[in-house]
Amino acid sequence: GVTRYYDFVISRQFLSPDGYKKNSIVVNGQFPGPAIEANWGDWIVVRVHNNITGPAEGTGIHWHGITQKDSPWYDGVPGISQCPIAPGSSFTYRFQADVYGTSWWHSHFSAQYTAGVFGPLIIYGPKHEPYDIDVGPILLGDYYHREYFDVLEDAAAATEDFNVYVPWSDNNLINGKNNYNCSMAPENATCVSNAGLAQFRFTPGKTHRLRLMNIGAAALLHFSIDGHRMKVIAHDFEPVVPYESDFITLGAAQRTDVLVTADANPKETYWIRSTITLNCSVTHNPNAFAVLSYEGNNDIQVPQSQINPAAAAADNKTFLCRNDELSKTVPFFPKPVKEADTTLTIEVDLLTNGTGHHVWIMNNRTQRANYHRPLLFEATQENFGFPDEWNVYDFGTNKTVRIVLNTIYQSAHPMHLHGHNFQVLAEGPGKWDGKTIINPHNPTRRDTHMQRRYGHLVIQFEADNPGAWSYHCHIAWHASMGLNIAILEGGDELRRKYAYGPHARIPHIMQETCVDWE
Ligand code: C2O
C-alpha cells in the first residue's frame, strides 16, 4: 500500500455551525474535522500540532477501530498509550489501515472531542454487496453550546437533579448542521436562528451507500429516511449479512453502513432524521433534520414527508436504549465462539466520592486519568507496577478473554474496546446467567456495543495484540468520570519485542515521563 500523509493543526476558534457562536476546538479550522481516506493496507501518517491556547490543553488523537497491531503507541490515548501532546508541541502517528469500512478519528484527551476535535476515517476495501454511489460519511451527534468542561462538571455533580447530572444537549447535528431557535439561547449569546440544514441528493434508480456514524458526546440516535428503506451492510468495521431496516440505532461512536435505493417519487423531497432517544443518556431530545432530494429536481421544497411508523415507534420506546437484536446482526465472515481461557466479571455502578462528585466504578474502582507516565511505557519495564487508580487488568499470556459487564445502575453505556473487534456473546436485562450465548457459531462482532440500563454485555476477544487497550463507555462524560479500564495484553511479548534486549525497538516517541505544562 501507499502512505497517506496528513497534517493536523489543533486550535481554538469561535464557530457557529448551528447559528450559536461558541468557543470550539477544531482541526485545521474545520468543523467537522478533515476526512482521512485510505485504501485497505495503506499506511496513514498524521502529524498533529497542538496549538490549543487560552487556556492551553493537552491532546492526543485516537483512530477509532484501527487495531494498531504492532503499533500500540499510536493508539492516541493520553495516559495509556502516550503522554498528552503538550501545548506547543507535535506528535506524528503512523499506522496501517488494517481494517476497512467506516469510522472516525477523535481526540482522546478528557472530553475534548466534543468541542470539535473529530472527523471521518474512511478505509476503502472489498465491496460485499453491490451499490452504485458512495454518498460518503454522514456524521450524527448531539451538540452542546457550553464548553465541555462545564458540561463535564455538571455530569459529575452529585445532585439528585437528573437534568443536571444527565446534561442537556442543546442541539443535534447532521454533518455539522441543524437549525436552532435562538430564543432559547441565553441573553448575551451571539446567535442567528435557522442556520440551515445539510442537503443530500440521490440519483433516481441508483443504490447509494451511506456511512452513518455517531460522533456525539452521549446521545443514542435513531436514524431514518422518510419514504425509504435501508439495507444494513456493516456495523463498525465489520461487514454483516445484509438485512433490511426502517431505522438505525447508533450509540455514541457506533457506525452503520447502509444501502438505500432511490426508488421513491423523484419530484418530492424527504426528511432525513436523526432522533435522540430520551433518557438513554441525555435529558433533552432535539431532533436533527437534513433534506433529501433527487437529481433532476430543481424545485426543492420543504419536505412534507412523514416519519416511517417503525422509526416513530422506536423513538417513543425510551427504555429501549440498545442495539438491534444480536440474532439479527450476523458477521459476513463467520467466526465461532471459543472456550474462554479467562473470564473477567465487572459490576458497574455510580457512586458519590469523598469530594462530593459522582464517579463511575467498575468493581469498586474508578479510573483516574494519569498524565505523568503512560501505562504502555510502564508495562515495558522489567519491574513494572500499576497504582489501583489506573484500573489495569493484566491478562498476561491468556489468549481468549471474556469480559462480563453487569450494570446495576439506570444508565445505558456504549462500550468500546480499543485494539480489537470483539465478539458480542450476550446482551440483555439483569445479570448474565453465565451460559447464554447468541449465535455461538457466529456471534456479532464490532468495536462498540450498547449495554442496556440495568443490563449485561458479554464480550470476547483473542488477546493477540500486545499493547495497553482501553475498554470504556464512549459517553464522553462517563469515560471522564472513570468508566474505563485498561487492558494489558501480551506483556511478556511487549517487553521482549520492544523494551530491552538486542532487538528492542520501542520508538523514541514513547516518553517515560510526561511534560507538565500547567
Ligand atoms: Cu472512540 Cu476510546 O474511543
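Throughout, read-outs are computed from the coordinates displayed, never taken from laboratory work. If you're wondering where the values come from, they're calculated on a predicted model, not measured in any experiment. Cβ placement follows ideal geometry from the backbone for every residue including glycine, while neighbour counts extend to all protein chains displayed.
Taking a point 7 angstrom from the Cα of Asn297 along the C-beta vector, which residues in segment 226-248 have backbone N less than 20 Å away?
226-231, 246-247
Applying 1/(1 + (r/R0)^6) with R0 = 30 Å to the Cβ-Cβ distance of Asp433 and Lys335, what FRET efficiency is obtained, to the nearest 0.05?
0.85
Between Asp70 and Ser90, what FRET efficiency comes out of the Förster formula 1/(1 + (r/R0)^6) with R0 = 25 Å and r the beta carbon distance, rounded to 0.05?
Efficiency, rounded to the nearest 0.05: 0.65.
Percent of alpha carbon pairs in segment 1-127 separated by more than 27 Å?
Percent of Cα pairs beyond 27 Å in segment 1-127: 16.
Which order do Trp432, Trp63 fall in if you start with the one that has the fewest other Cβ atoms within 10 Å?
Arranged by neighbour count, lowest to highest, Trp432, Trp63 become Trp432, Trp63.
Determine the shape class of segment 342-499: with a ≥ b ≥ c the square roots of the Cα gyration tensor eigenvalues, call it rounded for a/c under 1.5, and otherwise prolate if a/b is greater than b/c, oblate otherwise.
The shape class here is oblate.
Against the empirical 2.2 N^0.38 Å scaling, what ratio does the C-alpha Rg of the chain come to?
Compared with the compact-globule rule of thumb, the chain sits at 0.93.
For segment 251-290, go through all pairs of different Cα atoms, get the mean of 1/r, take its inverse, and jot down that Kirkwood value in Å.
Evaluated over segment 251-290, this radius sits at 13.0 Å.
Using unit Cβ charges (K, R positive; D, E negative) and no other charged atoms, how large, in debye to the nearest 20, is the dipole of the chain about its Cα centre?
Around 720 debye, computed over the chain.
Among Val241, Leu197, Thr283, whose Cα projects farthest towards the positive end of the dipole of the chain, with charges put on the beta-carbon of Lys, Arg (+1) and Asp, Glu (-1)?
Of the candidates, Val241 comes out farthest on the positive side.
Name the shape class, rounded, prolate or oblate, that the alpha-carbon gyration tensor gives for segment 67-111, where a ≥ b ≥ c are the square roots of its eigenvalues, rounded holds for a/c under 1.5, and otherwise prolate holds if a/b is larger than b/c and oblate otherwise.
Prolate, because a/c is 1.5 or more and a/b exceeds b/c.
Run the dipole for segment 342-499 about the Cα centre, Lys and Arg Cβ at +1, Asp and Glu Cβ at -1, nothing else charged, and hand back the magnitude in debye, nearest 20.
Dipole about the Cα centre, nearest 20: 300 debye.
Multiply the residue separation of Gln306 and Asn442 by 0.36 nm, subtract the distance between their alpha-carbon atoms, and state the gained length in nm to one decimal.
45.2 nm
What are the residues whose amide H is under 5 Å from the amide H of Leu326, where those residues sit 5 or more places off or on another chain and H is modelled from the backbone?
none
Under a point spin-label approximation (7 Å from Cα along Cα-to-Cβ), what is the Thr159-Asp349 distance to one decimal in nm?
2.5
Just checking the chain: which Cys have no other cysteine's beta-carbon under 4.7 Å?
Cys473
Return the distance in nm (one decimal) between the two label points of a simple spin-label model at Gln13 and Asp464, each offset 7 Å from Cα along Cα→Cβ.
For the pair Gln13/Asp464, the computed spacing is 4.2 nm.
Could you tell me whether segment 1-50 comes out rounded, prolate or oblate from its Cα gyration tensor? Rule is a ≥ b ≥ c as square roots of the eigenvalues, rounded for a/c under 1.5, then prolate if a/b exceeds b/c, otherwise oblate.
oblate
What is the extension gain from Glu268 to Trp40, computed as 0.36 nm multiplied by their sequence separation minus the C-alpha to C-alpha distance, in nm to one decimal?
Extra length available between Glu268 and Trp40 comes to 78.3 nm.
Calculate, in nm to one decimal, what Glu147 and Cys182 gain on full extension: separation in residues at 0.36 nm each, minus their alpha carbon distance.
Extending this stretch completely gives an extra 10.8 nm.
So if we plug the beta-carbon distance of Asn383 and Thr342 into 1/(1 + (r/R0)^6) with R0 = 22 Å, what FRET efficiency do we get, rounded to 0.05?
Efficiency, rounded to the nearest 0.05: 0.40.
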